Every structure is written in structure tokens, then in C-alpha cells.
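> Take a look at this one; I'll ask things after.
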Amino acid sequence: MTATPATRPQRGSLARCRAWLLSAAPQSRRQARLGRAYLAWRHFAENRLAVVGLGIIVLLVAVAALAPILAPYSPNAPALTQRLLAPGPAHWLGTDELGRDILSRIIFGARLTLYVVALVAVIAAPVGLLIGTIAGYAGGFLDTLLMRITDIFLAFPKLILALAFVSALGPGIENAIIAIAVTAWPPYARIARAETITIRNTEFIKAARLQGAGPVRLVWGHVMPLCLSSLIVRVTLDMAGIILTAAGLGFLGLGAQPPLPEWGAMISSGRKFMLDQWWVAAMPGVAIFIVSLGFNLLGDGLRDVLDPKAEER
């Protein structure tokens, strides 16, 4: 089949755009940055499982954003005449013990999942990055003090430590987020410290110091940006654990409170019906599994793209 005249200009423009992005001598910073981003995307797209993970996360975001449109029923309105219906045309994933549509609750539960994941990442990652870079750059007593505090947090399993904080703060989605964030920052601090120790004695740091840059400027403007790639990979890989911890708190009744459609709480309410009405607990469990798998696949792909040591190996 020969190309039509209409498609030839399109192919020509795509070829010119690709050549512009892959130019060995970029004419501007914008062209250089776009070229690096294009190469990173090509490398990422070679990993099909990573693309699948990205698709799952994009779908999760879309479902959360369009929840009022996609959900066929209200997620919280009970319908006692529709209790424990098996999956069928009217209710694709069945109904729970109060007659609420499970599909609608899972769709609205995606909002809570993203809410928890986003806030924990926004709180824990900057705290870990700040503590790790300060400890790695300062060294000495300050490094020892901050790392021993980090070791104390790492000595406890995340879920047990989160349970202790939630018990002290009280049940609720906000308190659960704070508890998970408090338990999530130590690994980020460890990674940032290791990266900082490697960077702090490099030639460009010494040159910046000779030009009059102070410790704050060196850490903020030079060290932290170089730690971001490793931190992003670790945060993405930790999203699955954060989701499972939030679901565990919800399962125990310490996370999101009824009638919020939190997936862990849905599994907890459905465990009484596992033998006869298995779908009440199984469907939110499948949702947790798929989303956790998506974050893990995406994290593996980002690690291949952002880890400079991977290319050396």
C-alpha cells in the first residue's frame, strides 16, 4: 500500500520533529531538555510491563477524577432490598451487606487511595530528603544523631508503628495519613544521605564552594536535585506499601471511617461473608492488588530510566 499525499507531510513533520529532538548539537536549553525527555520516554517505553503499570496508574487517576460520572449508583446510599446480590447486569460487582453497589464504592474509593498516596508522598519524601542531605553533607555529630533517630524508626515494622501513632491520634483518614507519613520517611533519608556522601566531595561541589556558595545553597541548589531521581524511584516503589498500610489501618477500623468507601474498610466489612458472598471482600481486594501492581511496575520502569548506574551495568 502506497502512502497517500495527505500522510506524507505528516510523516515528514514527525521525522523533522524527531531529528530536532535527537540533535547532537541542541541550539537551546529547551531543545536539550526535550531531547533528554524524549530519549527517557523511548527507554521507558521499551519496558512493556512499565508501560502497563503507567496505564494502570493513569486509569486510576481518570477513574478518581470522573467518579461521579462513572459510578452507576451512590456509593453510600443503602438499599436494603438489594442486600448481598451476586455480580450481574444490574450490579456488575455485586452489592454489600447494606445493598450498596460495590463497583460504585470501589470507583469512589480510588479517590481516597490517591488522596492517601499523594499526601504521604508530599509529606514523607521532602522530610526524608531534607534530613538525609543535611546528615550526609554535615557529617560528624549531626549525621550520627539524625541517623540514629532514623534507625529507631526503621527498627519497627511500618504497620506496627503506624498503629501506635493512629492509636495515639485517634481513628480517621487524616490521622492515618500522618501516621503513615511518619513511618515512611526513614528509607528516603537513608537514600538521600548515601547520595549526598557520594556527591559532596565531587569537583563541581568544590568549585561551587570556591565561588562562595554556602552550605545552604550547596545542599538546596546542587545536592538535593541530584538526589531526586533515586528518591522518585523509591517513592514510586513504596506506593504499593503505602496503599497496603492504609488498607490495613482501614481493615482494623483505624483509617477511613464509615461510610467512606475505603478499600481496606470494605474488605473488613466483607470478611463476615467470605464463604457465601465472597465478592463483598474479594472485589476491593482485587482493586488493591491491581493498583499496587501498577505502582510496582511503574517503579521498576522508572528505575531503569533514572538510575545512571543501570546503563553502566
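What follows draws every value from the coordinates through simple rules; no lab data is involved. All values derive from a computational prediction rather than experimental measurement. No Cβ is skipped: glycine too gets one built from the backbone with ideal geometry, and neighbour counts run over all protein chains shown.
> Can you pull the semi-axes for the stretch 174-292, root of five times each eigenvalue of the Cα gyration tensor, sorted largest first, whole Å?
Semi-axes from the Cα gyration tensor: 45, 13, 9 Å.
> Taking N as the number of residues in the chain, what is its alpha-carbon radius of gyration divided by 2.2 N^0.38 Å?
Working it through for the chain, the quotient is 1.23.
> Mind putting a number on the dipole of the stretch 52-211 about its Cα centre? Charges go on the C-beta only, +1 for Lys and Arg and -1 for Asp and Glu, and I need it in Debye to the nearest 20.
My answer is approximately 280 debye.
> Have a look at Phe44, Pro171, Leu85 and report the one farthest towards the positive end of the charge dipole of the chain, computed about the Cα centre with Cβ charges (Lys/Arg +1, Asp/Glu -1).
Working it through, the farthest residue towards the positive pole turns out to be Phe44.
> Modelling each spin label as a point 7 Å along the Cα-to-Cβ direction, I'd like the Trp278/Leu142 distance in nm, to one decimal.
Once both label points are built, they end up 5.8 nm from each other.
> Lys/Arg Cβ at +1, Asp/Glu Cβ at -1, dipole of the chain taken about the Cα centre: which of Ala110, Gln27, Leu226 is farthest positive-ward?
Looking along the dipole axis, the top candidate is Gln27.
> Taking springs between alpha-carbon atoms closer than 10 angstrom, which of Ser23, Ser167, Ser269 fluctuates most in the Gaussian network model of the chain?
Ser23
> What is the distance, in nm, between label points placed 7 Å from the Cα along the Cα-to-Cβ direction at Trp41 and at Cys17?
0.8 nm
> If you take the charge dipole of the chain about its Cα centre, with +1 on Lys and Arg Cβ and -1 on Asp and Glu Cβ, which of Phe295, Ile267, Thr133 is farthest toward its positive end?
Looking along the dipole axis, the top candidate is Thr133.
> Follow-up. Find the Rg to Rh ratio for the stretch 74-203, where Rh is the Kirkwood radius over alpha-carbon pairs and Rg uses the same atoms.
Checking Rg against Rh, the ratio lands at 1.23.
> Can you give me the angle between helix 7-21 and the longest principal axis of the chain, using Cα atoms only, in degrees from 0 to 90, rounded to the nearest 10?
On a 0 to 90 degree scale, this one is about 60.
> Measure nothing but the geometry: give the 0 to 90° angle between the long axis through the Cα atoms of 224-251 and the longest principal axis through the Cα atoms of the chain, rounded to 10°.
Its long axis makes an angle of about 10 degrees.
> Which FRET efficiency value, to the nearest 0.05, do you get for Val286 and Thr202 by plugging their Cβ-Cβ distance into 1/(1 + (r/R0)^6) with R0 = 30 Å?
0.05
> Still on this structure, please answer the following. Mind listing the Cα extents of the stretch 88-152 along all three principal axes, in Å, largest one first?
66, 19, 14
> Shifting gears a bit: At what distance in angstrom do the alpha carbon centres of the stretch 48-111 and the stretch 158-216 lie from each other?
Cα centres, the stretch 48-111 to the stretch 158-216: 35 Å.
> Give me the dipole magnitude in Debye, nearest 20, for the stretch 1-135 about the Cα centre, with unit charges on the beta carbon: positive for Lys and Arg, negative for Asp and Glu.
Value, rounded to 20: 940 debye.
> Then there is this: Please build a GNM for the chain, connecting alpha carbons under 10 Å apart, and tell me which residue among Arg16, Arg271, Arg190 fluctuates the most.
Of Arg16, Arg271, Arg190, the Gaussian network model singles out Arg16 as fluctuating most.
> Give me the base-10 log of I(q)/I(0) for the stretch 16-93 at each q in 0.20 Å⁻¹, Debye formula, one uniform scatterer per Cα, rounded to two decimals.
Rounded to two decimals, the profile gives -0.97.
> Using Cα springs under 10 Å in a Gaussian network model of the chain, which residue among Gly221, Gly136, Gly270 shows the largest mean-square fluctuation?
Gly221
> Right, something else. To the nearest 500 deg cm²/dmol, what mean residue ellipticity at 222 nm is calculated for the chain from DSSP H runs of n ≥ 4 alone, each contributing -39,500 (n - 2.57), summed and divided by the residues?
The helix-only estimate for the chain comes to -24000 deg cm²/dmol at 222 nm.
> Take the Cα gyration tensor of the stretch 128-242, multiply each eigenvalue by 5, square-root it, and list the three semi-axes largest first, rounded to whole angstrom. The partial results should precede the final answer.
On the way: eigenvalues 196, 41, 26 Å².
Output for the stretch 128-242: semi-axes of 31, 14, 11 Å.
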